[in-house]
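Colleague: Input: one structure, supplied below.
The values are calculated or read from the model by the stated rules, or taken from the named source; none is laboratory data. Here the structure is a predicted model, which means the values were calculated and not measured. Cβ placement follows ideal geometry from the backbone for every residue including glycine, while neighbour counts extend to all protein chains displayed.
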Amino acid sequence: MEIEIRGLRKVYPGGVVGLEGLDLRIPAGLFGLLGPNGSGKTTLMRILATLLEPTAGEARVAGYEVHRDKAAIREILGYMPQEFGFYPNLTAYETLDYFALLSRITDKGERNRRIERALQEVNLVEVAGRRVGTFSGGMKQRLGIAQALLNHPKVLIVDEPTSGLDPEERIRLRNLWVELAGNRIIILSTHIVADLAASAEQLAILHQGRLLFAGRPIELLAPLRSKTWIIDVEEEELSRVRQEYFVTGVFRSATGMQVRVVADEMAHPRGYAAEPTMDDAYVHTMKQAGASELD
Amino acid sequence: MSWTETRAALRVAWREYQLSYRGATFWGIAAAGSLLAIWRASPAGTSAAMAAYQTLQITLFGIAVLAILVGAAAAARDRREVASELVLAKPMGSTAHLVVARFAGVWLSLLTIVAIMLAAAMVRQAVGGTPWRLGAYGNAFARSLAPIALATAMGFSLTSLLVSPLAAGVAAVYWVCVPLARGYMPWVSDMTPAQHWPVPALLGAALVALAATSYGKALHTPGRGRVGLGGTTGVLFAAAALVILRFVLGGEDALVTRDPVLSAIAAQRSREGERAPGFWLPDGAGRLVGLSDFAGRPVVLAFWGPGSPESARATDILSEAARKYRGRGIACVAVCVDRDSATVGPFGREHPSLVMLWDRGQHYGDGERWSDSPLGLVYELKEVPTFFLLDRNGTVVNRVEGASAYALETALSDLMRAR
């Protein structure tokens, strides 16, 4: 089971280009989708979730064509958009019951079992009887995940929000994705690059509707190995270092400032070798594409 | 659609109903409507049939309008709560079943409001010690089904239709046609829910089907099944158009007031000392009763309208007279002037000693010049209630205007003495 994307192109009415001829293969497992705002991540996910028609090209989800087999794809799909809301007058349990009905889980016993299980998975069992209108942002996010899990989806598409989850919750969910990503495809669009190093089997970086990278996290890190350095700098020499080196991050340490850079060789007296991180690799990739605003 | 899917759709309708009745809007409308119903059922002497009739009027002119808004709000809920994408990504979330199920839920919630209002009026009546007469309230409830369905469907569908060029076209045609065809508005306003229920029912169904079609299209649902739904919509609209044509053009309810022959008859005088114009009018069961049925008997003919409680007292006064002169051959005939033939049933059952007949007409409340009822024109009615006293030969011997028991009693005893 996999997702196959060939020459996928989306031009919005008005001429804005969402995707510019994308070729991608997404296997089973956790698949991370990275890229700045407006890079085409949401466009891609909405097309795969059959909510948006592509202008050209084709995409097959588990063998189903997104143009034609929408109903079939929706049967095996779990989708959590970046922004969403619920009906405030229904309780969490009733909300899930509503969405389970929309997923055509018509047997009452089966529906109840799945709702119970989904509530456990997102840790909302205790507030199942509370109206959703009283929920905090984080609780709504978790309910959003629960509704996507109801039909035991073979394909789970999650457009992660930029905010709303506290750190502990975030780690719990990251673990949940890894647990769930056994035999199914999970596409996770996220802003927290670092998390993907340990959890994602594959990832892709999009920029302006084009694919900058696709592969395993380790493949993204590989070119930076023995090319990543940390330099302890004085505050006044920061701008000079920025001009000389490919800077991927600036940090404040106890002794002064540290700059992470990517370079073939290190000439700076206070520079030393470091292990590349996902953040380094991501910023490096984006900068090479001329996309970063960090400079 | 299989049985399990139907059951799922019914469950969705139930959830939609919950969504509706848990909102503040629902209880606001229910409370305001109930207060109005209680107020209209409060005047001394208001009978159950009158309380139910007044509540139905509030329903038709108030709740039906609100139903448009409630339906529109329900259809826009997904967009308002940003839940559209969650719903659409589900297999049933993008099909017509969802639209129909949601409509059913909203309709049910508005009918609940009507039921609450009727119950409020009924409790008010019970507190006042008036007989219950469940049938009168049931009659009013049944008559609200179709108009509430149409109003809800209008609001529900317009939300999705107004954004489409088709709807813009329909609206344009409508606004061009209204000034051109001036006779059109009376046709519409003369439609009554009880006599013409197929019109709102069919139109409502067609609107919901249209909404379902456009909903599916907006979501790019797979083509399968869309043709069938579009076809159904077309057939429903065509049926509604035919039914409207039949009622408006060929039906027995054509506006007789504009009939030249009737206008000529209306020019006859119906004064004291002249022979009363004859008539054939239906009673509550639809049987035609004629003035000639009472040949050789003195007749009290009372015109009244349920729109004004003051005028409705005429039926009580006449009932009293009928009891008093029982066994002396007098016929007491009450002509209920209303747009809707179904009104006369409950009132007739409340006054078994009267012959309760229906004449199509309109009344605009107390003191207003009010009647376009054909028989009212012929009898040169100036106000309701008016009593006409006819002797054994069918000659009008007296005419009493206003609901005065004393004046009627005086005139009646004169009539009975004179024979």
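Colleague: Look at the range B:283-308 and say how many of its residues are surrounded by 21 or more Cβ atoms within 10 Å (Cβ to Cβ) and either farther than 23 Å from B:Ala411 by Cβ or not assigned by TED's automatic domain parsing to the domain that holds B:Asn393 (or both).
Modeller: Number satisfying all stated conditions: 2.
Colleague: Give me the residue from the range B:23-46 that is at pLDDT 90 or above and within 14 Å of chain A (Cβ to nearest Cβ) and, out of that set, surrounded by the most Cβ atoms within 10 Å (Cβ to Cβ).
Modeller: If we take residues in the range B:23-46 being at pLDDT 90 or above and within 14 Å of chain A (Cβ to nearest Cβ), then B:Phe26 is surrounded by the most Cβ atoms within 10 Å (Cβ to Cβ).
Colleague: Taking the range A:1-35 as the search range and keeping residues that are outside any strand (DSSP E or B) and in contact with a Ser or Thr (Cβ under 9 Å, 6 or more places away or on another chain), which one is farthest from A:Glu179 (Cα to Cα)?
Modeller: The first filter runs over the range A:1-35 and keeps only residues outside any strand (DSSP E or B), leaving A:1, A:12-16, A:28, A:35.
If we keep only those that are in contact with a Ser or Thr (Cβ under 9 Å, 6 or more places away or on another chain) too, we end up with A:12, A:35.
On the way: A:Tyr12: 36, A:Gly35: 24 Å.
Among those that are outside any strand (DSSP E or B) and in contact with a Ser or Thr (Cβ under 9 Å, 6 or more places away or on another chain), it is A:Tyr12.
Colleague: Ok, one more. If you scan the range A:98-113, which residues turn out to be within 7 Å of chain B (Cβ to nearest Cβ) and surrounded by 21 or more Cβ atoms within 10 Å (Cβ to Cβ)? First the steps, then the outcome.
Modeller: Pass one, the range A:98-113, residues within 7 Å of chain B (Cβ to nearest Cβ): A:98-99, A:101-104, A:106.
Hits for the range A:98-113 are A:Tyr98, A:Phe99, A:Leu101, A:Leu102, A:Ser103.
Colleague: With (1) crowded, with 22+ Cβ neighbours inside 10 Å; (2) within 13 Å of chain B (Cβ to nearest Cβ); (3) under 17 Å from the mean Cα position of the chain (by Cα) as the list, and A:Arg142 as the residue in question, which single condition is left unmet?
Modeller: All conditions are met except number (2).
Here's the yes/no breakdown for (1) in contact with a Cys (Cβ under 9 Å, 6 or more places away or on another chain); (2) within 14 Å of chain A (Cβ to nearest Cβ); (3) crowded, with 22+ Cβ neighbours inside 10 Å; (4) touching a residue at least 40 places away in the same chain (Cβ under 8 Å):
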| site | (1), (2), (3), (4) |
| --- | --- |
| B:Ser94 | no, yes, yes, yes |
| B:His97 | no, yes, no, yes |
| B:Ala101 | no, yes, yes, yes |
| B:Ile113 | no, no, yes, yes |
| B:Ile116 | no, no, no, yes |
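Colleague: Could you tell me how many of the residues in the range A:55-80 are more than 8 Å from every other protein chain (Cβ to nearest Cβ), part of a loop (DSSP other than H, G, I, E, B) and more than 17 Å from A:Gly21 (Cβ to Cβ)?
Modeller: 3
Colleague: Give, as residue ranges, the strands (runs of 3 or more DSSP E) completely inside the range A:203-273 that count at least 2 residues that are surrounded by 16 or more Cβ atoms within 10 Å (Cβ to Cβ).
Modeller: A:210-215, A:228-233, A:246-252, A:257-262
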